[in-house]
1. Show me 24-31, 45-52, 5-12, 56-63 ranked by packing, highest mean number of other Cβ atoms within 10 Å first.
2. Give me the distance in nm between label points sitting 7 Å out from Cα along the Cα-to-Cβ direction at LEU56 and GLN8, one decimal.
3. Place a +1 charge on the Cβ of each Lys and Arg in the chain and a -1 charge on the Cβ of each Asp and Glu, then give the dipole magnitude about the Cα centre in debye, rounded to the nearest 20.
4. Quick one: accessible area per residue over the chain, 1.4 Å probe, rounded to a whole number of Å²?
5. Of (i) 1.04; (ii) 1.02; (iii) 0.96, which is the value of Rg/Rh (Cα atoms, Kirkwood Rh) derived from the coordinates here?
6. At a 1.4 Å probe, what is the % contribution of carbon and sulfur to the accessible area of the chain?
7. Calculated from DSSP H runs of 4 or more alone, at -39500 (n - 2.57) each and per residue, what is the 222 nm mean residue ellipticity of the chain, nearest 500?
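The values are calculated or read from the model by the stated rules, or taken from the named source; none is laboratory data. What you see is a predicted model, and the numbers here were worked out from it, not measured in a lab. So basically every Cβ, Gly included, is an ideal-geometry build from the backbone, and we count neighbours across all protein chains shown. These area figures cover heavy atoms from the full protein model, side chains too; ligands, DNA and RNA do not enter into them. Shrake-Rupley method; radii C 1.70, N 1.55, O 1.52, S 1.80 Å.
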Amino acid sequence: MTAAPAPQWFKSSYSGGSGTECVECAHVANGIAIRDSKDAGGPMLTVASGAWQVWLQHLRSESR
């Protein structure tokens, strides 16, 4: 059995350049993982794919 590949973390395109307030996300087996970019070894939150999609739809509807 092979180990799962390490998550490929990415920052939002809306992140500022100062590096003081940023989260990173990664696609994982059961959804999306979210972490503080300043604490890469710290805790992370995993959100189910369906819940993530609902949240994104809500954000998009609120930004109009």
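1. 24-31, 45-52, 5-12, 56-63
2. 1.5 nm
3. Approximately 160 debye in magnitude.
4. I get 81 Å² per residue for this part.
5. (ii)
6. Answer for the chain: carbon and sulfur cover 57 percent of the accessible area.
7. -7000 deg cm²/dmol
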